[in-house]
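Asks: Encoded as structure tokens, here's the structure I'll be asking about.
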Amino acid sequence: MILTNIETIPGKSIVEHFGLVSGSTVRAKHVGKDIMASLKNLVGGELKGYTELLHDSRQQATDRMVEQARQLGANAVVNVRFATSAIAQGASELYVYGTAVRVE
Amino acid sequence: MKYTAKALKGNVNVSRTSPIKEFFILLSGVLGIVILVYVALGFAVDFVVSRLPLEIEQNLGSLYSGIYVNTEKTGAGIRLQKILDELVEKNPLINSRQQEEPEYKVHLVPHSQANAIALPGGNIVVFSALIKEVDSENALAFVLAHELGHFANKDHLRGLGRRLVLLSISTALLGADSSVSNLIMNSLVNVEMKFSRRQETMADIWALDLLNRRYGHVSGASEFFENMSKKEKRGRILYYFAIHPYPEDRINALEDRIQKKGYLEKEKIPLDKVFEDLPVKPAGSGK
Amino acid sequence: MEQLIIFVILIGLGYTAGTIAERRHYRSIEDRELRFLNLPAVTVKNVLSRDDEIFKAWLVSGNVVISIDYFKRVLAGLRNIFGGEVRAYETLIDRARREAVLRMKESAHGANIILNLRIETSAIGQSANRRKSIGSIEAIAYGTAVTLKKTE
């Protein structure tokens, strides 16, 4: 499965498209890590716990989108967009969407 | 580029797991942790309470009883205070711990609930509906002695401390989400009640001993409970959740103690006339 | 005790009513998705062939605000303590986005395709009511609807 965030896939031509595919996931870190992060907030710097959390969940959301594209018979997803939002305190929601296509 | 219309089957973005199962797993996990922390902190509170200086307790008491201070002393209030004073004179702890006893004050508050409360600083609040449930001075003295028993065992501070611990745990752990902290508070109140009921029984026994010292006999000790159990048609199951033990259980516990110690039963002193026709509703409530 | 009973009743009510409402919403979403299967919405701009003649192009959008039931809110609150996937919120966001896309498609009368689709989500009602996060989100979908000239 090829993923791009541009209109096309360089060097290949799109022959067929299947419309929108998307994947999403909501994750939360446990209270211990939340507390550690709030302490880290005092001094600033990278919040490793959250970086990891968001990376993992974005990966899962992407996997879900790819799963949808595969179901439709696509072999690539073009113009992929990532979106993050906070639904509730401490939980973040990752959303990935794109257009499923078949390339040759 | 051609478009192929195809519908997706299933939904990869939604997990097919049972939310109820997840709910119970998480709930039991949270309760386990909270109970563990609560018990540990509860022991810490007990440790502090037994070493708390009297001045601090008095200060706490003045914070608490400020609401009741302005209730004017009526004839019934003065009479009640006299019964209490006579009891306190016989308090076995007065002599064992010099100058460690606060000045005990009783406040008679118009209220429709038959109950009495021990507040920090030696303040006892008696709701007027309770007096309607007793027929003799001895029974009234037993209720006051019961509250003195709470002071002797430091239950009033312990209850306060434990509730404080409860509150801090739930806010520390859950912060913003109030529905969850409500749930945990509610479950913990049940655990708390198990402690309370043991405390109530201990205070009953303590009061019985004091009553015997004051009047030379223990008549009227179980009068209040007998009247209550006659009146209340609540089943045993509901009492499982209540703060106080089932009245019949308390009567039985008292009778056991009476037999063991060989306490006597004599003529009861009838209730003073000033206790008749007390207002049950707060004066300002209108209706 | 009364509080606990009220809480249990609220949970039970939230669960049954929430599940019924969710099932009904999903049924409606699936029905309408099938109906609009021939109106694709894509995130790209250049899907039209050279010989397609564009008759009209305009901006279309659809939005929806959805909240979850009390049971799931409590469940999510509990999950927040332990961390991990918050499955209670999955259906909420899934429903919100699909509904937003469907409303956008419904407003695109006569369009053949919707280009350059963008979807945004935001949590609303929290800043005003910080202590009780009400667990509702807004999803908005927007894109350019294109009607092609009929080539006979």
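Asks: How many residues are part of a strand (DSSP E or B) and either crowded, with 23+ Cβ neighbours inside 10 Å or without any contact (Cβ under 8 Å) to a residue 40 or more places away in the chain (or both) when one looks only at the range C:64-96? Lay out the reasoning, then the answer.
Replies: Narrowing the range C:64-96 to residues part of a strand (DSSP E or B): C:64-67, C:84-85.
In the following step, the residues that additionally are either crowded, with 23+ Cβ neighbours inside 10 Å or without any contact (Cβ under 8 Å) to a residue 40 or more places away in the chain (or both) were identified as C:84-85.
Of the residues in the range C:64-96, 2 are part of a strand (DSSP E or B) and either crowded, with 23+ Cβ neighbours inside 10 Å or without any contact (Cβ under 8 Å) to a residue 40 or more places away in the chain (or both).
Asks: Pairs under 8 Å by beta carbon, first residue closer than 13 Å to A:GLU93 by Cα and free of Cβ contacts under 8 Å to residues at least 40 places away in the same chain in the range A:59-71, partner crowded, with 21+ Cβ neighbours inside 10 Å and β-branched (Val, Ile, Thr), six or more apart or different chains?
Replies: Hits for this filter: A:GLN60/A:THR25; A:ALA61/A:THR25; A:ALA61/A:VAL96.
Asks: Just for the range A:74-104: of the residues that are at the interface with another protein chain (Cβ under 7 Å from one of its Cβ atoms) and small (Gly, Ala, Ser), which one is farthest from C:ILE119 (Cα to Cα)? Full working, then the answer.
Replies: If we filter the range A:74-104 for residues that are at the interface with another protein chain (Cβ under 7 Å from one of its Cβ atoms), which is where we start, we get A:78-79, A:81, A:83, A:85-91, A:93, A:95, A:97-99.
Cutting the leftovers down to small (Gly, Ala, Ser) gives us A:83, A:85-86, A:88, A:90-91, A:98.
On the way: A:ALA83: 8, A:SER85: 12, A:ALA86: 15, A:ALA88: 19, A:GLY90: 22, A:ALA91: 20, A:GLY98: 10 Å.
Among those that are at the interface with another protein chain (Cβ under 7 Å from one of its Cβ atoms) and small (Gly, Ala, Ser), it is A:GLY90.
Asks: Right, here's the next one. Among the listed residues B:LEU160, B:LEU174, which satisfies the condition of being more than 12 Å from the chain's Cα centre (by Cα) and either buried (at least 18 other Cβ atoms within 10 Å of the Cβ) or modelled with pLDDT under 80 (or both)?
Replies: On the way: B:LEU160 fails: more than 12 Å from the chain's Cα centre (by Cα).
Selected residue: B:LEU174, the only one of B:LEU160, B:LEU174 that is more than 12 Å from the chain's Cα centre (by Cα) and either buried (at least 18 other Cβ atoms within 10 Å of the Cβ) or modelled with pLDDT under 80 (or both).
Asks: Return only the number of the condition from (1) under 29 Å from A:ALA28 (Cβ atoms); (2) within 11 Å of chain A (Cβ to nearest Cβ); (3) over 12 Å from the mean Cα position of the chain (by Cα); (4) not acidic (Asp, Glu) that C:LYS105 does not satisfy.
Replies: So C:LYS105 meets the others, but not (1).
Asks: Here is a further query. Would you mind stating whether A:ARG58 is in a strand (DSSP E or B), closer than 25 Å to C:TYR89 by Cα, basic (Lys, Arg) and within 12 Å of the chain's Cα centre (by Cα)?
Replies: Details: in a strand (DSSP E or B): no; closer than 25 Å to C:TYR89 by Cα: yes; basic (Lys, Arg): yes; within 12 Å of the chain's Cα centre (by Cα): yes.
When the stated conditions are applied, A:ARG58 does not pass them.
Asks: I'm checking my understanding of the structure. Among residues of the range C:77-96 that are of a type in the set (Lys, Arg) and more than 7 Å from chain A (Cβ to nearest Cβ), which one is nearest to the chain's Cα centre (by Cα)? Don't jump to the end; show me each part of the working.
Replies: So the first thing to find is which residues in the range C:77-96 are of a type in the set (Lys, Arg), and the list is C:79, C:87, C:95.
The next check asks that each one be more than 7 Å from chain A (Cβ to nearest Cβ); those that pass are C:87, C:95.
On the way: C:ARG87: 16, C:ARG95: 4 Å.
Checked the range C:77-96; the qualifying residue nearest to the chain's Cα centre (by Cα) is C:ARG95.
Asks: Can you find a residue that is more than 7 Å from every other protein chain (Cβ to nearest Cβ) and either buried (at least 19 other Cβ atoms within 10 Å of the Cβ) or of a type in the set (Asp, Glu) (or both) anywhere in the range C:55-63? Lay out the reasoning, then the answer.
Replies: Going through the range C:55-63, the residues more than 7 Å from every other protein chain (Cβ to nearest Cβ) turn out to be C:55-63.
Adding the requirement that they be either buried (at least 19 other Cβ atoms within 10 Å of the Cβ) or of a type in the set (Asp, Glu) (or both) leaves C:60, C:62.
Yes, the range C:55-63 contains at least one residue that is more than 7 Å from every other protein chain (Cβ to nearest Cβ) and either buried (at least 19 other Cβ atoms within 10 Å of the Cβ) or of a type in the set (Asp, Glu) (or both).
Asks: Then there is this: Within the range B:110-126, can you find the residues that are among the small types (Gly, Ala, Ser) and under 13 Å from the mean Cα position of the chain (by Cα)? Quick ask: steps written out before the conclusion?
Replies: Let us first name the residues in the range B:110-126 that are among the small types (Gly, Ala, Ser), namely B:112, B:114, B:116, B:118, B:121-122.
Selection gives B:ALA114, B:ALA116, B:ALA118.
Asks: Hey, could you check the range B:26-59 for residues that are surrounded by fewer than 16 Cβ atoms within 10 Å (Cβ to Cβ) and modelled with pLDDT of 85 or more and say which is farthest from the other protein chains (Cβ to nearest Cβ)?
Replies: Selected residue: B:LEU36.
Asks: B:VAL69: surrounded by 12 or more Cβ atoms within 10 Å (Cβ to Cβ) and either modelled with pLDDT of 70 or more or touching a Ser or Thr at 6+ places or on another chain (Cβ under 9 Å) (or both), yes or no?
Replies: On the way: surrounded by 12 or more Cβ atoms within 10 Å (Cβ to Cβ): no; either modelled with pLDDT of 70 or more or touching a Ser or Thr at 6+ places or on another chain (Cβ under 9 Å) (or both): yes.
Taking the combined requirement at face value, the residue does not satisfy it.
Asks: If you check B:PHE23 against the conditions, is it part of a helix (DSSP H, G or I) and more than 10 Å from chain C (Cβ to nearest Cβ)? Break it down into steps so the answer makes sense when it comes.
Replies: Values: part of a helix (DSSP H, G or I): yes; more than 10 Å from chain C (Cβ to nearest Cβ): no.
Against the criterion (part of a helix (DSSP H, G or I) and more than 10 Å from chain C (Cβ to nearest Cβ)), B:PHE23 does not qualify.
Asks: If you go through the range A:42-63 one residue at a time, do you hit one that is over 28 Å from C:ARG50 (Cα atoms), within 7 Å of another protein chain (Cβ to nearest Cβ) and surrounded by 22 or more Cβ atoms within 10 Å (Cβ to Cβ)? Write out each step before concluding.
Replies: Restricting attention to the range A:42-63, the residues satisfying the condition of being over 28 Å from C:ARG50 (Cα atoms) are A:42-63.
Retained after the next criterion (residues that are within 7 Å of another protein chain (Cβ to nearest Cβ)): none.
No, the range A:42-63 contains no residue that is over 28 Å from C:ARG50 (Cα atoms), within 7 Å of another protein chain (Cβ to nearest Cβ) and surrounded by 22 or more Cβ atoms within 10 Å (Cβ to Cβ).
Asks: Same structure again: Please tell me if B:ILE83 is surrounded by 14 or more Cβ atoms within 10 Å (Cβ to Cβ), at pLDDT 80 or above and within 14 Å of chain C (Cβ to nearest Cβ). Steps first, answer last, please.
Replies: Values: surrounded by 14 or more Cβ atoms within 10 Å (Cβ to Cβ): yes; at pLDDT 80 or above: yes; within 14 Å of chain C (Cβ to nearest Cβ): no.
For B:ILE83, the condition - surrounded by 14 or more Cβ atoms within 10 Å (Cβ to Cβ), at pLDDT 80 or above and within 14 Å of chain C (Cβ to nearest Cβ) - is not met.
Quick grid of which residues meet (1) of a type in the set (S, T, N, Q); (2) within 15 Å of the chain's Cα centre (by Cα):
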site	(1), (2)
C:LEU10	no, no
C:ALA21	no, yes
C:ARG32	no, yes
C:VAL42	no, no
C:SER49	yes, no
C:PHE55	no, no
C:LEU59	no, no
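Asks: Additional query: Only residues that are of a type in the set (Ser, Thr, Tyr) and within 10 Å of chain C (Cβ to nearest Cβ): list them for the range A:5-34, please. Steps first, please.
Replies: Applying the first criterion (of a type in the set (Ser, Thr, Tyr)) to the range A:5-34 yields A:8, A:13, A:22, A:24-25.
Of everything in the range A:5-34, those that are of a type in the set (Ser, Thr, Tyr) and within 10 Å of chain C (Cβ to nearest Cβ) turn out to be A:THR8, A:SER22, A:SER24, A:THR25.
Conditions tested, residue by residue: (1) under 24 Å from B:LEU26 (Cβ atoms); (2) in a strand (DSSP E or B); (3) hydroxyl-bearing (Ser, Thr, Tyr); (4) touching a strand residue (DSSP E or B) at 6+ places or on another chain (Cβ under 6 Å).
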{"residue": "A:SER38", "(1), (2), (3), (4)": "yes, no, yes, no"}
{"residue": "A:MET65", "(1), (2), (3), (4)": "no, no, no, yes"}
{"residue": "A:VAL80", "(1), (2), (3), (4)": "no, yes, no, yes"}
{"residue": "A:ILE87", "(1), (2), (3), (4)": "yes, yes, no, yes"}
{"residue": "A:SER92", "(1), (2), (3), (4)": "yes, yes, yes, yes"}
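The values are calculated or read from the model by the stated rules, or taken from the named source; none is laboratory data. Just so it is clear, the model here is predicted, and its values are computed rather than measured. No Cβ is skipped: glycine too gets one built from the backbone with ideal geometry, and neighbour counts run over all protein chains shown.
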